[in-house]
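**Q** Structure incoming, see below.
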Amino acid sequence: MAPDLSPTARALLALEVIQNDPGITAERLGDRLGVTERAARRYVAILREADLPIESVSGPYGGYRAGRGMRLPPLMFTAAEALGIVMAVLEGHRNAADPTDLVGGALAKIVRVLPERVAAPVLAFRNTTAPPVLPQAWASPELTTHLIEACTCARRLRLAYRMGSQAGGGWVERAMDVDPWAVVLRHSRWYLLCWSHTRDARRVLRVDRIASAAALPDTFTPPPGLDSLRVLEEHLSQGWPHPVEVLIDATAEETARWLPRNLGRLASDDAGRTRLTATTEDAAWYARQLAALPAPFRVVASPELQRAVAELGRRFLAAAGPAT
């Protein structure tokens with residue numbers, strides 16, 4: 001370790017070492033920094049004074065690790081790691097090129113600190129390949145942050161939620177008291193998974209339709225073992241006009257590896273097969289997703305989907321040409 005590093009630089013290096021090696025002891029940390037064990041403990045104290053969550057691991061082989069908290073500590077990425085994150089986000093998030101979007105703003109921070117030779121192709125890729133922004137699905141970064149903080153603190157909220165009016169279109173705002181469980185980003189839209197005390201039911205709310213959110217004094221205990229992404233994807237697979245029921249000659253575990261979770265619910269039957277149930281707005285699109293299954297399947301009691309699968313089969317047979 002270079003002897004002329006400033007205390008601030010050594011503290012940041014200590015943070016990077018702790019993040020990369022959870023449970024590292026003060027002695028090993030000192031070796032990595034090129035200082036004594038006592039000095040290593042002093043750098044950990046500096047990080048804690050900066051309100052960074054550095055935890056002590058108990059036990060005979062205990063050490064330090066970066067904890068979790070409302071304030072995210074500085075993260076150290078190599079140029080290759082940062083580039084991989086940026087490209088992955090640009091590939092998957094529709095509004096990634098918009099600096100006013102919550103994800104787009106975070107991405108811009110990473111791009112600003114990339115080496116110039118790395119940032120130049122990233123900017124070119126972002127400016128030429130990013131899909132168009134969805135203004136109707138724009139969610140306020142401030143509101144989204146407030147919702148995430150309420151989930152973390154388990155604080156009940158009173159929402160003003162915009163709902164479609166059944167009388168002549170337009171929007172009406174409804175008051176709703178909710179326990180916010182999780183905020184999830186899916187298909188470039190932010191969703192709030194919560195328990196509505198107003199409806200006495202679990203709800204999935206679009207964040208772009210929340211007009212305001214005020215914290216209430218009540219707190220709550222989130223449901224144990226909540227898989228918020230699974231709940232959201234199951235919710236998104238229901239409520240469309242055409243029912244879906246498919247029997248697949250494979251176990252539920254195998255089928256789950258082949259199909260995205262937002263296609264519907266999977267359940268095992270007594271014969272070891274999998275029953276897929278859902279609804280869809282586009283039966284032809286759904287048939288194309290089923291065509292990727294490597295196992296035999298049969299569409300049951302879903303007329304629109306049966307017709308779509310039959311039509312897709314005819315197209316495949318025509319594409320194969322005459323039998324030889």
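The values are calculated or read from the model by the stated rules, or taken from the named source; none is laboratory data. Predicted model, so just to flag it, every value in this text is computed and none were measured. FYI the Cβ positions are ideal-geometry reconstructions off the backbone, even for glycines, and counts take in every protein chain you see. Side chains are part of the model used for accessible areas, which takes the heavy atoms of the whole protein and leaves out ligands, DNA and RNA. Shrake-Rupley method; radii C 1.70, N 1.55, O 1.52, S 1.80 Å.
**Q** Specify the residue that is surrounded by the most Cβ atoms within 10 Å (Cβ to Cβ); the eligible residues are those in the stretch 291-324 that are polar (S, T, N, Q) and within 11 Å of residue 244 (Cα to Cα).
**A** Taking the candidates together, the pick is 302.
**Q** Let me ask you something else. In the stretch 140-192, what count of residues is obtained for those that are of a type in the set (Val, Ile, Thr), open to solvent by 30 Å² or more (accessible area, probe 1.4 Å) and assigned to a strand (DSSP E or B)? First the steps, then the outcome.
**A** Within the stretch 140-192, the subset of a type in the set (Val, Ile, Thr) is 144-145, 148, 152, 172, 178, 183-184.
Right, trim to open to solvent by 30 Å² or more (accessible area, probe 1.4 Å) and you get 145, 148, 152, 172, 183.
Then keep just the ones that are assigned to a strand (DSSP E or B); that gives 172, 183.
Matching residues across the stretch 140-192 total 2.
**Q** Now, a different point. If you take the residues of the stretch 257-302 that are without any contact (Cβ under 8 Å) to a residue 12 or more places away in the chain and not acidic (Asp, Glu), which of them is nearest to residue 234 (Cα to Cα)?
**A** 257
**Q** While we're here: Output the qualifying pairs, or none if there are none: Cβ atoms under 8 angstrom, residues six or more apart or on different chains, first residue in the stretch 99-118 and farther than 10 Å from residue 82 by Cα, second residue open to solvent by 50 Å² or more (accessible area, probe 1.4 Å) and at pLDDT 75 or above.
**A** Close Cβ pairs (under 8 Å, with a partner that is open to solvent by 50 Å² or more (accessible area, probe 1.4 Å) and at pLDDT 75 or above) amount to 102/145; 103/185.
**Q** Counting only residues that are over 20 Å from residue 300 (Cα atoms) and open to solvent by 70 Å² or more (accessible area, probe 1.4 Å), how many does the stretch 228-260 have?
**A** So the count comes out to 4.
**Q** Does the stretch 199-227 hold any residues that are open to solvent by less than 40 Å² (accessible area, probe 1.4 Å) and farther than 18 Å from residue 173 by Cα, and which are they? Lay out the reasoning, then the answer.
**A** We begin by selecting, within the stretch 199-227, every residue open to solvent by less than 40 Å² (accessible area, probe 1.4 Å); these are 201, 204-205, 207-208, 210, 213, 216, 220.
Result: 201, 216, 220.
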